[in-house]
Amino acid sequence: MIKGINYWAFPPNSEGKLLSAVEALDKAKELGYDAVEFTVDPAGAITPETTQKEAEAIRQEADTRGLKLITLAAGLAWGASPTSSDPEVRRQAHANAKIQIRLAAWLGCSTILYLPGMVSACFVPDFAPQPYDKVWQWAREGILEVLPLAEELNVKLGVENVWNRFLLGPVEMAQFIDSFESDFVGSYFDVGNVMLYGHPEHWIKILDKRIFAVHAKDFRVNVGNLDSFVDLLAGDVNY
């Protein structure tokens, strides 16, 4: 097992700024992690404007520290969702996903955390709820749009179970993944995210070899909202 830390877990530096890639790598090394999961955001160590040369330099910095870069996350799909009712927004979401795939390839990552879209989300109040059947259709269209590039660059799409009111059970998630008949589409399983409506051990058993990577988090069920996420072993996950 390779233990990594996500870039979003790091607080700002002493100047109140987001950590640079080198600062994040140094901190991860200091804390004893094996890997760093960088994220693609409008601001931070890696952005949509990060060039191939810059990404490859980050990879070299990781290599010199003995750290692995295996997965790449992104929060861009909360702003431009692949299941928006607006075709232009969906096209932007597909373009963003392709940027993430290319960045992953330049960094040497094997998997990206892929948000398939959403019916709605409590933390995206401006996103109008979309019909579930249309979300299924648009989510599939989105993956089919970016899958050829992912296969070409040897980057896997790890579909995350997240608070998007979509793919709410492990059987449905497995059916969604299997519908693509591709070894490059699988699960990026988030342990804490399923606690509101399920049990991680059930998901793991059913998804099985479909799981490409895991986010280890903890969650207190009785709170039941975004404040439920707590430190590992401080919640109700049956680790």
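The values are calculated or read from the model by the stated rules, or taken from the named source; none is laboratory data. Given the structure is predicted, the values throughout are model-derived calculations rather than measurements. No Cβ is skipped: glycine too gets one built from the backbone with ideal geometry, and neighbour counts run over all protein chains shown.
If Gln175 passes every condition in (1) surrounded by 13 or more Cβ atoms within 10 Å (Cβ to Cβ); (2) in a helix (DSSP H, G or I) but one, which one does it miss?
Checking Gln175 against (1) surrounded by 13 or more Cβ atoms within 10 Å (Cβ to Cβ); (2) in a helix (DSSP H, G or I), the one that fails is (1).
Name every residue in the range 168-206 that is touching an Asp or Glu at 6+ places or on another chain (Cβ under 9 Å), under 23 Å from Ala121 (Cα atoms) and small (Gly, Ala, Ser), in order of residue number.
Ala174, Ser187, Gly192
Within the range 127-147, is there a residue that is in contact with a strand residue (DSSP E or B) (Cβ under 8 Å, 6 or more places away or on another chain), in contact (Cβ under 8 Å) with a residue 12 or more places away in the chain and loosely packed, with under 15 Cβ neighbours inside 10 Å?
Checked the range 127-147: no residue is in contact with a strand residue (DSSP E or B) (Cβ under 8 Å, 6 or more places away or on another chain), in contact (Cβ under 8 Å) with a residue 12 or more places away in the chain and loosely packed, with under 15 Cβ neighbours inside 10 Å.
Go through Ala35, Ala105, Ala28 for me and flag whichever is under 16 Å from the mean Cα position of the chain (by Cα), free of Cβ contacts under 8 Å to residues at least 40 places away in the same chain and over 20 Å from Asn161 (Cβ atoms).
Ala35
Residue by residue, here is whether (1) outside any strand (DSSP E or B); (2) out of contact with any helix residue (DSSP H, G or I) (no Cβ under 9 Å at 6 or more places or on another chain) holds:
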position: Ala93; (1), (2): yes, no
position: Glu151; (1), (2): yes, yes
position: Val159; (1), (2): no, no
position: Phe166; (1), (2): yes, no
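Quick grid of which residues meet (1) of a type outside the set (Lys, Arg); (2) touching a Cys at 6+ places or on another chain (Cβ under 7 Å):
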| site | (1), (2) |
| --- | --- |
| Leu69 | yes, yes |
| Ser85 | yes, no |
| Val89 | yes, no |
| Gln100 | yes, no |
| Ala105 | yes, no |
| Gln130 | yes, no |
| Glu141 | yes, no |
| Lys156 | no, no |
| Pro170 | yes, no |
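If you check Ile99 against the conditions, is it among the β-branched types (Val, Ile, Thr), part of a helix (DSSP H, G or I), surrounded by 16 or more Cβ atoms within 10 Å (Cβ to Cβ) and at pLDDT 95 or above?
For Ile99, the condition - among the β-branched types (Val, Ile, Thr), part of a helix (DSSP H, G or I), surrounded by 16 or more Cβ atoms within 10 Å (Cβ to Cβ) and at pLDDT 95 or above - is met.
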